[in-house]
Structure formats: C-alpha cells, structure tokens
Amino acid sequence: MINEFVCTNISTKDPAGLVAFYHEKLGIPIVFEGYDNFDGAKLGFSENAPGIIVWNSGTWGKSSESKVEFVFSCDTNLDDMYQELKTKGIETPEPRVAEWGGRELNLLDPDGNKIMILEPNNE
C-alpha cells in the first residue's frame with residue numbers, strides 16, 4: 001500500500017530558468033540544488049516534505065505526458081500578492097472568487113504549467 005507522497009517531477013529544457021522562476025519570482029525555497037545547471041533540483045518548504053523536482057528533459061526525457069497544476073497558499077492577501085508578482089514582471093489576471101467560494105490567483109510558469117495561489121483563510 002502507498003504510505004507517503006514523495007514529490008512531483010517536472011521536466012524542462014531549461015532547468016536553471018524554471019528553478020529561478022519558482023525560487024526568485026514566487027519565493028519557493030530550493031531544498032536541493034541538483035546536479036549541473038540545477039538538473040534534479042528540489043523546490044519545497046522542507047527537506048522531508050513533498051516538493052517539486054525539476055529535471056532536464058534533454059538528459060532524462062519528459063517526466064510526464066502533460067502539464068501539471070500546482071496549488072499553493074500565500075501568507076498575504078491575493079491583492080498584495082498580485083501586485084508583488086506584477087513588479088517581478090509576471091503577467092497574470094487579477095485574483096478572483098472561484099466557483100467554490102475562495103479567492104485564487106492563476107498564472108502559468110515559463111513552461112506552461114498552471115499555478116494556482118490561494119488566499120489564506122483569515123476567519
């Protein structure tokens with residue numbers, strides 16, 4: 001039986017660029033820097049927690065047959081997050097109220113993977 005979720009693998013032609021996007025633009029820590037040019041780098045919030053592993057598709061092939069969607073939460077309201085992303089040159093629609101009732105901000109990474117950022121629940 002499955003007893004642990006380890007990571008999500010994504011592959012790209014530009015692992016250093018994709019790691020830089022997630023780390024520098026979104027603020028996700030680099031847990032492990034990987035091999036040459038950040039190939040195999042882990043992004044996440046703890047060494048022992050699941051994370052995103054970025055692989056070089058030229059070396060290892062495609063890690064999946066389709067794009068993925070990552071869902072994150074932030075520690076601020078989405079209006080502030082939206083403004084912060086704009087100052088970093090990230091194009092994204094304004095935050096919206098989703099069908100399920102919460103607020104979300106949706107964008108794409110440089111490879112076209114979807115990213116959803118959820119506003120914290122301050123109730």
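Of all residues in the stretch 12-64 being open to solvent by less than 40 Å² (accessible area, probe 1.4 Å) and assigned to a loop (DSSP other than H, G, I, E, B), which is nearest to LEU107 (Cα to Cα)?
LEU26
If only one of GLU99, GLU123, GLU94 is more than 14 Å from SER11 (Cα to Cα), modelled with pLDDT of 95 or more, open to solvent by 90 Å² or more (accessible area, probe 1.4 Å) and assigned to a loop (DSSP other than H, G, I, E, B), which one is it?
Going through GLU99, GLU123, GLU94 in turn, just one is more than 14 Å from SER11 (Cα to Cα), modelled with pLDDT of 95 or more, open to solvent by 90 Å² or more (accessible area, probe 1.4 Å) and assigned to a loop (DSSP other than H, G, I, E, B): GLU94.
Go through the stretch 102-119 and give me each residue that's open to solvent by 60 Å² or more (accessible area, probe 1.4 Å), touching a strand residue (DSSP E or B) at 6+ places or on another chain (Cβ under 7 Å) and of a type outside the set (A, V, I, L, M, F, W, C).
ARG103, LYS114
So the check is Cβ under 7 Å with 6+ separation or different chains; which pairs have a first residue in the stretch 65-89 that's open to solvent by 80 Å² or more (accessible area, probe 1.4 Å) and a second one that's small (Gly, Ala, Ser)?
So the pair list comes out as LYS67/GLY112.
The values are calculated or read from the model by the stated rules, or taken from the named source; none is laboratory data. What you see is a predicted model, and the numbers here were worked out from it, not measured in a lab. Neighbour counts are summed over all protein chains in view; Cβ atoms, including those assigned to glycine, are modelled from backbone coordinates with ideal geometry. Surface areas here come from the heavy atoms of the whole protein model, side chains and all, with no ligands, DNA or RNA. Shrake-Rupley method; radii C 1.70, N 1.55, O 1.52, S 1.80 Å.
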